[in-house]
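Structure record follows, encoded as structure tokens.
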Amino acid sequence: MKVAVTGATGTVGKALVTALVGRGDQVVVLTRDPAGAKRKLGAGVEAFAWTHPKLEPAPSEALEGCDGVIHLLGEPVAQRWREEVKHEIHSSRVLGTRNLIEGLKLCDRRPPVLVAQSATGWYGACDERPLDETAPPADDFLAQVVVDWEQEAAGAEALGMRVVLARTGVVLTGDGGALKTMLPPFKAGIGGPVAGGEQYVPWISLADEVAALIFLLDNDSVTGPVNLTAPNPATNGELSKALGKVLKRPAVAPVPEFAIKLLYGEMAQIVVTGANVLPKRLQELGFGFTHPELEPALRAALGK
């Protein structure tokens, strides 16, 4: 296959490109820095400049004749939410996706499928109730970002494309994201459950995240939202305990909610709250998880 990827130099994107190349696919990346992308991803990857994703259509010559597009572009959420950061989190996803669709409109030989990254932020803060893809959106900031993001991606349906919305949870990898942020205090022996630790963490291993994206790309019967989370969600307390075990460090020092809010501001809501999100559709489709259990996933992420 010939597959176009946006956001290819991010943590998930790099792993995805490696997996696609490894199975023999031709990979085209759309990037602000083609030379830098080639250095990071390898000379065998074709790179096209998309310098201003929020301001200009994606280059149609990069998308022309591709067999599919996997769209991962977006400003990282895990940072302190100043107003300008919140604006960038929203606009990078919404305008970037809108301009990807504009580029696809210009294609004569349009890709038949778009797998668009989304997020479990759709569900907001929930109690222990299991949530599948039929659950309605919440009304907080992140949920509104996801609603607007998915609405833009769904515009590809009017072009005759199959559209899959990959609602990704917390991807466990030592190279980035939530786990990397957690590592320093846990390695120092001062890690522990946050805000009581009862909130659910909808996690997924990096290997399963990448495999699921490729599975959705290949499976012609799939459309609409699909939760990319492990089948055994864990609470923050369970995650803390498992991480301490893997690192062979104590993990009993509680972190109060006010301390997280002081450190991260409004962004703290994604740490002190959670949702019990289940991958119902992936399981119905027969997707095989490499890491359905938390501790082996953490060991794989940290090379332990």
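Structure notes:
- When each of Lys54/Lys180; Lys40/Lys180; Lys38/Lys245; Lys248/Lys280; Lys241/Lys261; Lys14/Lys280 is checked by Cα-Cα distance, pairs over 30 Å: Lys38/Lys245; Lys248/Lys280
- Counting only residues at least eight positions apart within a chain, or on another chain, the aspartates and glutamates with an alpha carbon under 18 Å from that of Lys187 are Asp175, Glu238, Glu295.
- Extension gain (nm, one decimal) between Asn219 and Arg80, 0.36 nm per residue minus Cα-Cα: 46.3 nm
- Using a simple spin-label model with pseudo-atoms 7 Å out from Cα toward Cβ, Ala188 and Arg109 lie 5.6 nm apart.
- Value in Å of the Kirkwood radius, where region 95-145 supplies the Cα pairs that are averaged: 13.5 Å
- The radius of gyration of the Cα set in the chain, together with its Dmax, comes out at 18.8, 59 angstrom.
- Check: region 1-78 dipole with +1 on Lys, Arg Cβ and -1 on Asp, Glu Cβ, in debye: 320 debye
- When Trp81, Trp203 are sorted by how many other C-beta atoms sit within 10 angstrom of their C-beta, beginning with the fewest, the order is Trp81, Trp203.
- Ellipticity estimate at 222 nm from DSSP helix runs (n ≥ 4, -39,500 (n - 2.57)) divided over the chain, nearest 500: -12000 deg cm²/dmol
- Cross-link reach is defined here as a Cα-Cα straight distance under 18 Å, omitting same-chain residues fewer than 8 places apart; for Lys2 the aspartates and glutamates meeting it are Asp25, Glu46, Glu61, Glu64, Asp67, Asp108, Asp218, Asp220.
- Per residue, the convex hull spanned by the alpha carbons of region 121-244 comes to 123 Å³.
- Cα point-scatterer Debye curve for region 55-181, base-10 log of I(q)/I(0) at q = 0.11, 0.17, 0.20, 0.21 Å⁻¹: -0.42, -0.94, -1.18, -1.24
- Cα-centre dipole for the chain with unit charges at Cβ (Lys and Arg positive, Asp and Glu negative), debye to 20: 1100 debye
Bear in mind that the values in this text are calculations on the coordinates, not laboratory data. Source: prediction; values computed, not measured. Every residue, glycine as well, gets a Cβ built from its backbone with ideal geometry; the counts of neighbours run over all protein chains shown.
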